[in-house]
Structure formats: structure tokens, C-alpha cells
Amino acid sequence: MPTSPLNELTRLGQSIWYDNISRELLDSGELKRMVDEEGVTGVTSNPTIFDKAIAGSSAYDADIRKLIEVGASAHDIYEGLVVEDVRSAADVLRAVFDSTQGADGYVSLEVSPLLAADTAETIEQARHLFSLVGRPNLMIKVPATPEGIPAIETLTGEGINVNVTLIFSLGGYRQVADAYVRGLEKRRADGQPLNRVASVASFFVSRVDTAVDSRLDQRIAAETDSAGKQALQRLLGTAAISNSKLAYNMFEDVFGGRFESLHEAGANVQRVLWASTSTKNPAYRDVMYVEELIGPNTVNTMPPATLAAFRDHGVVRPTLQAGVEQARANLKALREAGIDLDEVTDELLEAGVTSFAKSFEELMGCITQKRTRLLSEKQQGRDDGLGTCER
């Protein structure tokens, strides 16, 4: 395998997952090339990614047409399209899954974000999607909402792989990790095997800096004391990485003593996955959320631009377990500056659910438009094509 910064991450115990999926990526063989040559070992998707892929491309039109012609509803069309992509990606990654004995090689598919506040429906849809895709290297994405936590425990206990998404806070992360452990303990009590159940906890990074820096900018502008202004300026761009380092410190605690007996019975740790790792602020290094969070038992899911940037000029060194005390000091200083991180992360969770729900609704609206248009043209004996979606 050619050596690049991407390949070197694996040596330090971090997996690279690609935060993108599309029909073009699969049909062109580009995903297979990335797996074979660049060490990519997983794929993540979300409603926004599928909305961009399906609504912004004609690559799906033939399948949409076939599904419309057999009377499929808009929801059936959506499922048909995404399941086809997810199955194809899972098949590309199957060799990784097999060679790592189920430790890696996963593709993630999210339950409808419209169900984020409904535990029972989240569980039912997760079961449905896991069965429908029919691939052992599928992870079902469940949001870390209060209603999502019991769903994580139930699904883990049933042997369904879960990618827990939209984790922003340390308290939220702890609830997620504990739910996974409880699910495994229930599974062990039921006499079920543990070795082929996998999970990741997707801890979101850059959005924390965006929200905290905005609050800091307001305080900097209002600060009249020069020394006080400089102290606040030094805190810019520190919240996200500090928050993430302390989450990993918590991971080491959770999957230490209490987990040891489960590990001896074959259970896998729930790896921390760094999500939202694209740099939003152009003043910051474009790969900072990769470079500063490198360590064992982790995943970094990179969108296309971040992966390309890290391939080009990323610096690989073990950074995740360093500077933990400084991380604590940074978060303490933020509290003293009047930044309530719990308030920030609560808002980010709510905004994340809302954003994914909006993307999902827009995608369903696009599919409905195309379905209505084709059925109308068919009644009139015309076929003008599916066209683009009006928004």
C-alpha cells in the first residue's frame, strides 16, 4: 500500500471512514480505490449527504423511474435508492470487515431524523433497516437524544450494530457509552455471543468551536481591558479539541475496569468516532480536527475536502492522549469567561436533529416532485424526463 498521511493513521490505531456516499462514488470504482490504496475502512452517511447525492444528480433517475412505474410510494423510492447504495458500499468494505473479524469495515445508515424523539419507532425502524440491507457490516445511526439512549441499549442487546450520532457533550457521551455497555451485559445474560456486535460513538467536533467562538467574539468585542481581551482571544479555537480530548479520557475510563469481563467474553469496545471534522473557520488549519485527535481505538470520518487536505499535508503523530490537563484548564477558563458549554452542546444537539430532519424532508419532497411529475406525464402520454427539483 502506498505510504501517505492517511495510511499512517492506521499505524497509530485510528481508522479512516469516508463521510460521503453517492452512486457515482460507487459505480466509478472510486470507493474501492480509496479502500485499496488509501486505507479507508468505513463509510458514513446522513440525510444531508443523501439529499445532495440524489437531488443533485441524474445518476438515480433510472432507478427512480423504475420504482415509480411499479407504483412505489415516495418513501419506498427513498428506501430503494439508499439501500442499494448502502449495500454496494458494504460489499466494497466486506473484505475489510472479514480481515478484521468484524472490528472495522462498516457503512452507516441513519434512521429517519423525524423519529429522534420517539424511542419505540426508532427501534422499529432500526430493526427494519438492518434486516432490509442484510449486510453484517451495516451500522444503524441513532441520535444521542434522550429518547435515543434506551434505543441504543435495546438494539445493542439485540445484536444490531449502532453508530450513535450527534454527540456533543461529555454528559451525553457518558450516557451513550453506558447504554452500549448495558446492552452488551443484557446480551451476555441472555447467552448471546458478543464478538460480532460493534458500535461507534460519533462525537462532533468543529461545530463546538463555531458556537463557542461566536460567543467569545461577543465577549471580546465588549471587553475594554487589554489583558482581559487577550485572555479571551487565547480561548478561540480551543473548545472543540479540549472537549474531545476529555471525551476520550472518559472513553478510557468507561472501557477500562467495568468492561474487562465483557472484553474477555469477546466484546468490542465502542470506539470514539470524530465527526464534523471539516474546519469551518478559514483562520484555522484545515486539518486541525484530524491532526489533534489521533489515537488508538478511534475513527475519524472525513468529508471529501478534509480527506484530500490531510492526504496532501496532514501531520501524523499521537496527539489525542497528550494535553489532557490543558484541555481541562481550557474548559475551566471558558466557564470562568461565562461560556456555558452544556448550554452550547444542548443547542447543537437540537440544531443537528433539526438540520438532518430538514434535509430528509427536502429529499422526500424532491422524490415526491419527480414521482408526481412522471405520473402526470404518463397520464398525458408524454415523457419529458424527471428534471430537477424546485426548492
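Could you grab me the full set of residues in the range 235-244 that are open to solvent by 10 Å² or more (accessible area, probe 1.4 Å) and assigned to a helix (DSSP H, G or I)? Give the derivation first.
Of the residues in the range 235-244, the ones open to solvent by 10 Å² or more (accessible area, probe 1.4 Å) are 235-238, 241.
Passing the criteria: only Ile241.
So which residues in the range 2-19 are at negative phi and not in a strand (DSSP E or B), if there are any at all?
Pro2, Thr3, Ser4, Pro5, Leu6, Asn7, Glu8, Leu9, Thr10, Arg11, Leu12, Asp19
Mind checking which pairs have a first residue in the range 1-30 that is of a type in the set (Lys, Arg) and a second that is assigned to a loop (DSSP other than H, G, I, E, B) and crowded, with 20+ Cβ neighbours inside 10 Å, Cβ under 7 Å, 6 or more apart or different chains?
Matching pairs, first to second residue: Arg23/Tyr60.
Which one of Tyr78, Tyr106, Tyr60 is open to solvent by less than 40 Å² (accessible area, probe 1.4 Å) and over 23 Å from the mean Cα position of the chain (by Cα)?
Numbers: Tyr78 fails: over 23 Å from the mean Cα position of the chain (by Cα); Tyr106 fails: over 23 Å from the mean Cα position of the chain (by Cα).
So the residue among Tyr78, Tyr106, Tyr60 that is open to solvent by less than 40 Å² (accessible area, probe 1.4 Å) and over 23 Å from the mean Cα position of the chain (by Cα) is Tyr60.
Given the structure, is Gln326 under 30 Å from Glu260 (Cα atoms), at pLDDT 95 or above and open to solvent by 10 Å² or more (accessible area, probe 1.4 Å)?
Criteria met by Gln326.
Please verify whether Gly352 is of a type outside the set (A, V, I, L, M), in contact with a Gly (Cβ under 8 Å, 6 or more places away or on another chain) and open to solvent by less than 10 Å² (accessible area, probe 1.4 Å), treating the condition exactly as stated.
Criteria not met by Gly352.
Restricting attention to the range 118-146, report how many residues are surrounded by fewer than 17 Cβ atoms within 10 Å (Cβ to Cβ) and without any contact (Cβ under 8 Å) to a residue 40 or more places away in the chain.
Number satisfying all stated conditions: 7.
If a residue has to be in contact with a Lys or Arg (Cβ under 6 Å, 6 or more places away or on another chain) and either of a type in the set (Asp, Glu) or open to solvent by 10 Å² or more (accessible area, probe 1.4 Å) (or both) to count, how many in the range 158-170 make the cut?
Selection size over the range 158-170: 0.
When you go through Asp36, Asp98, Asp85 one by one, which is the residue that is among the acidic types (Asp, Glu) and open to solvent by less than 10 Å² (accessible area, probe 1.4 Å)? Before the answer, list the steps.
Working: Asp36 fails: open to solvent by less than 10 Å² (accessible area, probe 1.4 Å); Asp98 fails: open to solvent by less than 10 Å² (accessible area, probe 1.4 Å).
Of the residues listed, the single one that is among the acidic types (Asp, Glu) and open to solvent by less than 10 Å² (accessible area, probe 1.4 Å) is Asp85.
Just to be sure I understand, how many residues within the range 32-58 are closer than 17 Å to Ser4 by Cα and not charged (D, E, K, R)?
5
Tell me which residues, restricted to the range 264-282, are among the basic types (Lys, Arg) and touching a Lys or Arg at 6+ places or on another chain (Cβ under 8 Å).
So the first thing to find is which residues in the range 264-282 are among the basic types (Lys, Arg), and the list is 271, 280.
Result: Lys280, single match.
Is the range 184-192 home to any residue that is closer than 22 Å to Pro146 by Cα, touching a Phe, Trp or Tyr at 6+ places or on another chain (Cβ under 8 Å) and not basic (Lys, Arg)?
no
Being open to solvent by 30 Å² or more (accessible area, probe 1.4 Å) and among the aliphatic types (A, V, I, L, M) narrows it down to one residue among Leu25, Leu12, Leu31, Leu6; which is it?
Just one listed residue meets the conditions, Leu12.
Checking Gly71 against (1) closer than 16 Å to Arg373 by Cα; (2) part of a helix (DSSP H, G or I), which test does it fail?
(2)
What about Ile49, is it assigned to a helix (DSSP H, G or I) and either open to solvent by 10 Å² or more (accessible area, probe 1.4 Å) or touching a Leu at 6+ places or on another chain (Cβ under 9 Å) (or both)?
yes
Could you please find all residues in the range 245-270 being touching a helix residue (DSSP H, G or I) at 6+ places or on another chain (Cβ under 8 Å) and either part of a strand (DSSP E or B) or within 17 Å of Leu320 (Cα to Cα) (or both)?
Lys245, Leu246, Ala247, Asn249, Met250, Phe251, Val254, Phe255, Gln270
Identify all residues within the range 171-194 that are open to solvent by 40 Å² or more (accessible area, probe 1.4 Å) and either at pLDDT below 95 or within 30 Å of Val344 (Cβ to Cβ) (or both); write none if there are none. Break it down into steps so the answer makes sense when it comes.
Going residue by residue through the range 171-194, those that are open to solvent by 40 Å² or more (accessible area, probe 1.4 Å) are 171, 174-175, 182, 185-186, 188-193.
Hits for the range 171-194 are Gly171, Arg174, Gln175, Arg182.
Across the range 77-110, what is the total count of residues that are of a type in the set (D, E, K, R), outside any helix (DSSP H, G or I) and without any contact (Cβ under 8 Å) to a residue 60 or more places away in the chain?
Of the residues in that region, 0 qualify.
Out of (1) under 18 Å from Pro303 (Cα atoms); (2) under 17 Å from the mean Cα position of the chain (by Cα), what's the single condition that is false for Leu26?
(2)
The values are calculated or read from the model by the stated rules, or taken from the named source; none is laboratory data. Values in this document were obtained by computation on a predicted structure and should not be read as measured data. Methodologically, a virtual Cβ is constructed for each residue, glycine included, from the backbone with ideal geometry; neighbour enumeration extends over all protein chains shown. Side chains are part of the model used for accessible areas, which takes the heavy atoms of the whole protein and leaves out ligands, DNA and RNA. Shrake-Rupley method; radii C 1.70, N 1.55, O 1.52, S 1.80 Å.
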